[in-house]
Amino acid sequence: MSRNYVYLGKRVKDIGRKGLDHPKEYYGIRKAIVSDVRKGRISRKKGRGRLLLLYHLAKTDKDLKTKQKKRIMKSVRVSMKEI
């Protein structure tokens, strides 16, 4: 049985309502993905795919303000270049 990496709720604390509704959750997930890639838990390809998904989730999130979205999206883009 393979180990599942569930970020929100396991390694990243869920703030407020269920799901991604707070900027700290996005940053926590981004940090956990980068950490997993650096430690060799997941491949670079899988890490970039997950970061891309996180980017698109932030882009389409209606709970976030425009300024928050831009900061999160920029942070994820920088992380994609790092790994």
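Run lengths n ≥ 4 of DSSP H only: what is the helix-derived mean residue ellipticity at 222 nm for the chain, with -39500 (n - 2.57) per run over all residues, to the nearest 500?
-20000 deg cm²/dmol
Please compute the length gained on full extension between residue 13 and residue 63, using 0.36 nm multiplied by the number of residues separating them and subtracting their Cα-Cα distance.
16.2 nm
Among 13/74; 18/59; 45/65; 39/59, which pairs are too far apart, with a Cα-Cα distance over 26 Å?
45/65; 39/59
Quantify, in whole percent, the carbon and sulfur part of the accessible surface of the chain (1.4 Å probe; protein heavy atoms only).
C and S fraction of accessible area: 53 percent.
How much accessible area per residue does the chain have, counting only protein heavy atoms and a probe of 1.4 Å, in square angstrom?
For the chain, the solvent-accessible area averages 73 Å² per residue.
Based on the inverse mean of 1/r over its pairs of different Cα atoms, what is the Kirkwood hydrodynamic radius of the chain, in Å?
When all Cα pairs of the chain are included, the Kirkwood radius is 13.0 Å.
Of the listed peptides 19-27, 57-65, what is their order by residue-averaged count of other C-beta atoms within 10 Å, with the highest listed first?
Ranked by mean Cβ neighbours within 10 Å, highest first: 19-27, 57-65.
The values are calculated or read from the model by the stated rules, or taken from the named source; none is laboratory data. None of the values given here were measured: they were computed from a predicted structure. For neighbour counting, all protein chains shown are included, and Cβ atoms are generated from backbone atoms with ideal geometry for every residue, glycine included. When the accessible area is computed, the model is the full protein with side chains, heavy atoms only, and any ligands, DNA or RNA have been set aside. Shrake-Rupley method; radii C 1.70, N 1.55, O 1.52, S 1.80 Å.
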